[in-house]
Amino acid sequence: DFGRSFSPDGRPVLAKIVERLPVTLLLNIVEMAIIVAIAVPIGVMSATRQYSVFDKITTIFVFVGFATPDFWLALLLMILFGAQLGWLPISGLRSLNWEYLSFWKQQTDFLAHLLLPIVVATFGGLAGFSRYMRQSMLEVVRQDYIQTARSKGLVERVVIGKHALRNAMLPTVTILGLSLPGLIGGSVIVESVFAIPGMGQLMVQAVFERDYPVIMGNLVIVSTLTLVANLV
């Protein structure tokens, strides 16, 4: 029982959190799935082709990804794809006429609203995870058992995919587990810029309004996720 919010509606804090949590989880789970699906192959290819043109291009991408603020990238994409081209919506999760659309058009509209936030949230994380994967793979391919596997006559695809990748994934999986609390607190900027009604936006509003019960409820959930991630 986290008590009631200090805001004028006076709703229970738990009800507010339960209402916002699914949106944030959906956004961040999709984001993490995309990051892992793209970062692992990029990291492996960069490590197995060290100092190649591909490796140099991905290194530049990593520096750009680390150096680009999320809110700045979000504003640029909103101006280009929302204001100038008019291809994508720039705020919220639904259009104003969402209730009058057919079922499939509603799903398409929902995905269109999620596209820009997911791109912004994925960009920086993709740079970081691909670099972790590259460094981990470089350490593994220099181990003696990898040289032994090659000397036994195994093809390179099996050596990298079966022997090296499994061990190289261990540090990446650890980092992925420790980023679990970020599923709640890491989307503050994206949700605020794109006006997405999730946990991040709720946290920002609670801080500005000095709504201490909501702030403490959020912190309890983030702390619990941190403990669970460390335990796993």
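The values are calculated or read from the model by the stated rules, or taken from the named source; none is laboratory data. It should be emphasised that the depicted structure is a prediction, and the values quoted were computed from it without experimental measurement. Note that each Cβ is placed from the backbone with ideal geometry, even for glycine, and that neighbours are counted across all protein chains shown. Just the protein is used for accessible areas: all its heavy atoms, side chains included, with ligands, DNA and RNA removed. Shrake-Rupley method; radii C 1.70, N 1.55, O 1.52, S 1.80 Å.
Data for the structure
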quantity: Output for segment 115-130, where each listed residue is among the hydroxyl-bearing types (S, T, Y) and either open to solvent by 20 Å² or more (accessible area, probe 1.4 Å) or touching a Ser or Thr at 6+ places or on another chain (Cβ under 8 Å) (or both); calculated: S130
quantity: The one condition in (1) surrounded by fewer than 17 Cβ atoms within 10 Å (Cβ to Cβ); (2) within 14 Å of the chain's Cα centre (by Cα) that K162 fails to fulfil; calculated: (2)
quantity: Which numbered condition A112 fails, given (1) aliphatic (A, V, I, L, M); (2) modelled with pLDDT under 80; (3) open to solvent by less than 40 Å² (accessible area, probe 1.4 Å); calculated: (2)
quantity: Set L219, L154, L178: member being surrounded by fewer than 19 Cβ atoms within 10 Å (Cβ to Cβ) and more than 21 Å from T24 (Cα to Cα); calculated: L154
quantity: Lone qualifier among L73, L80 - being surrounded by 14 or more Cβ atoms within 10 Å (Cβ to Cβ), of a type in the set (A, V, I, L, M, F, W, C), assigned to a helix (DSSP H, G or I) and at pLDDT 85 or above; calculated: L73
quantity: Subset of segment 39-54 [in contact (Cβ under 8 Å) with a residue 24 or more places away in the chain and surrounded by 15 or more Cβ atoms within 10 Å (Cβ to Cβ)]; calculated: A39, V40, I42, G43, V44, S46, A47, T48
quantity: Subset of segment 110-128 (residues that are of a type in the set (A, V, I, L, M, F, W, C) and touching a residue at least 12 places away in the same chain (Cβ under 8 Å)); calculated: F110, A112, L114, L115, L116, I118, V119, V120, A121, F123, L126, A127
quantity: Residue in segment 129-146 that is touching a residue at least 12 places away in the same chain (Cβ under 8 Å) and under 27 Å from F81 (Cβ atoms) present; calculated: yes
quantity: Residue among T172, T148 that is loosely packed, with under 13 Cβ neighbours inside 10 Å and either over 30 Å from R11 (Cβ atoms) or among the hydroxyl-bearing types (S, T, Y) (or both); calculated: T148
quantity: Lone qualifier among K16, K105 - being open to solvent by 60 Å² or more (accessible area, probe 1.4 Å) and among the charged types (D, E, K, R); calculated: K105
